[in-house]
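Some notes on the structure that comes next.
The values are calculated or read from the model by the stated rules, or taken from the named source; none is laboratory data. Please read these numbers as outputs of a predicted model, since none were measured by experiment. As a convention, Cβ positions derive from the backbone with ideal geometry for all residues, glycine included, and neighbour counts pool all protein chains shown. Accessible surface areas use protein heavy atoms only, side chains included; no ligands, DNA or RNA. Shrake-Rupley method; radii C 1.70, N 1.55, O 1.52, S 1.80 Å.
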Amino acid sequence: MKKTNIAIFIILAASLFAVYGLSKYTQRSAQTGKVATDFTLPNINGGDLKLSDYKGKLVLLNFWASWCPPCRAEIPGFIKIQNTNKDNNFTFIGVAIEDKKSAKSYAEEIGINYPSSYGLDESLKVAEKYGNAAGGLPYSVLISPDQKIITVHSGFLSEKQLQKMIDENKVN
């Protein structure tokens, strides 16, 4: 009897994970090809940050937070890639899901060299428009120069993965 209950539990758990994974995949793939929703959020260095200001560039929109370990792990690689690709019509736009003080402090500490915004409710609303209804971090969206969504990536994004994405979608 005990073994049967354990087997049923394992089957149910595996099924739930499979459905969850499929729904996340479907949600992300449903974003591909859509026009990227324009937004205006406060820039951590003052003023506003608008997606439409970057039309003509390949953009990696990255949702992050200073308290998020995978975000902290991927950002140093993003800084390197920004240095390498900034003259290739490419940029990052960071969207911190937190208050200005925390976002700005971390950005200065690590030396983020690309535009970044901050906010709690406002940033979460933008993330939701890009298919991240659960608010999981990190979450990245590659946007074409004509501001269409190329691909969406949940979780840690390595330098190698990102550089491949950039190379495959370079603007000449």
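Restricting attention to segment 122-133, does a residue exist that is over 28 Å from residue 171 (Cα atoms), of a type in the set (A, V, I, L, M) and part of a helix (DSSP H, G or I)? So that I can check it myself, show each step before the final result.
At the first step, the residues of segment 122-133 found to be over 28 Å from residue 171 (Cα atoms) are 122, 124-125, 133.
Restricting the remaining residues to those that are of a type in the set (A, V, I, L, M) gives 124, 133.
Of the ones still in play, those that are also part of a helix (DSSP H, G or I) are 124.
Scanning segment 122-133, I find at least one residue that is over 28 Å from residue 171 (Cα atoms), of a type in the set (A, V, I, L, M) and part of a helix (DSSP H, G or I), so the answer is yes.
For segment 26-76, give me the residue count where each residue is surrounded by 13 or more Cβ atoms within 10 Å (Cβ to Cβ), β-branched (Val, Ile, Thr) and farther than 22 Å from residue 146 by Cβ.
Residues in segment 26-76 being surrounded by 13 or more Cβ atoms within 10 Å (Cβ to Cβ), β-branched (Val, Ile, Thr) and farther than 22 Å from residue 146 by Cβ: 2 in total.
Just checking, does segment 109-127 include any residue being in contact (Cβ under 8 Å) with a residue 24 or more places away in the chain, closer than 22 Å to residue 154 by Cβ, basic (Lys, Arg) and out of contact with any Cys (no Cβ under 7 Å at 6 or more places or on another chain)?
The answer is no; no qualifying residue exists.
Out of all the residues in segment 55-64, is one or more among the hydrophobic types (A, V, I, L, M, F, W, C), within 16 Å of residue 134 (Cα to Cα) and at pLDDT 85 or above?
Within segment 55-64, one or more residues are among the hydrophobic types (A, V, I, L, M, F, W, C), within 16 Å of residue 134 (Cα to Cα) and at pLDDT 85 or above.
How many residues are over 12 Å from residue 110 (Cβ atoms) and assigned to a helix (DSSP H, G or I) if we restrict to segment 66-81?
Residues of segment 66-81 that are over 12 Å from residue 110 (Cβ atoms), as a first pass: 67-70, 81.
Checking the rest, the ones that are also assigned to a helix (DSSP H, G or I) come to 69-70, 81.
Residues flagged as over 12 Å from residue 110 (Cβ atoms) and assigned to a helix (DSSP H, G or I) within segment 66-81 amount to 3.
Given the criterion out of contact with any Ser or Thr (no Cβ under 7 Å at 6 or more places or on another chain) and either at pLDDT 95 or above or over 22 Å from residue 48 (Cα atoms) (or both), identify the matching residue among 140, 102. If you could, list the steps in order and put the result at the bottom.
On the way: 102 fails: out of contact with any Ser or Thr (no Cβ under 7 Å at 6 or more places or on another chain).
Sole residue among the options that is out of contact with any Ser or Thr (no Cβ under 7 Å at 6 or more places or on another chain) and either at pLDDT 95 or above or over 22 Å from residue 48 (Cα atoms) (or both): 140.
Can you tell me how many residues within segment 16-25 are farther than 25 Å from residue 144 by Cβ and either open to solvent by 70 Å² or more (accessible area, probe 1.4 Å) or at pLDDT 85 or above (or both)? Outline the logic, then answer.
Residues of segment 16-25 farther than 25 Å from residue 144 by Cβ: 16-23.
With the extra rule that they be either open to solvent by 70 Å² or more (accessible area, probe 1.4 Å) or at pLDDT 85 or above (or both), the set shrinks to 16-17, 19-20, 22.
Number satisfying all stated conditions: 5.
Please go through segment 98-121 and pick out each residue that is within 25 Å of residue 169 (Cβ to Cβ) and of a type in the set (Ser, Thr, Tyr). Reasoning before the result, please.
First pass over segment 98-121, keeping only residues within 25 Å of residue 169 (Cβ to Cβ): 112-117.
Once the filter is applied, which keeps residues that are within 25 Å of residue 169 (Cβ to Cβ) and of a type in the set (Ser, Thr, Tyr), segment 98-121 yields 114, 116, 117.
Look through 80, 101, 125 and report the one residue that is closer than 20 Å to residue 45 by Cα, among the charged types (D, E, K, R) and open to solvent by 10 Å² or more (accessible area, probe 1.4 Å).
On the way: 80 fails: closer than 20 Å to residue 45 by Cα; 125 fails: closer than 20 Å to residue 45 by Cα.
Just a single option satisfies the conditions, and that option is 101.
State yes or no: is residue 157 in a loop (DSSP other than H, G, I, E, B) and touching a Cys at 6+ places or on another chain (Cβ under 6 Å)? Quick ask: steps written out before the conclusion?
Values: in a loop (DSSP other than H, G, I, E, B): yes; touching a Cys at 6+ places or on another chain (Cβ under 6 Å): no.
Criteria not met by residue 157.
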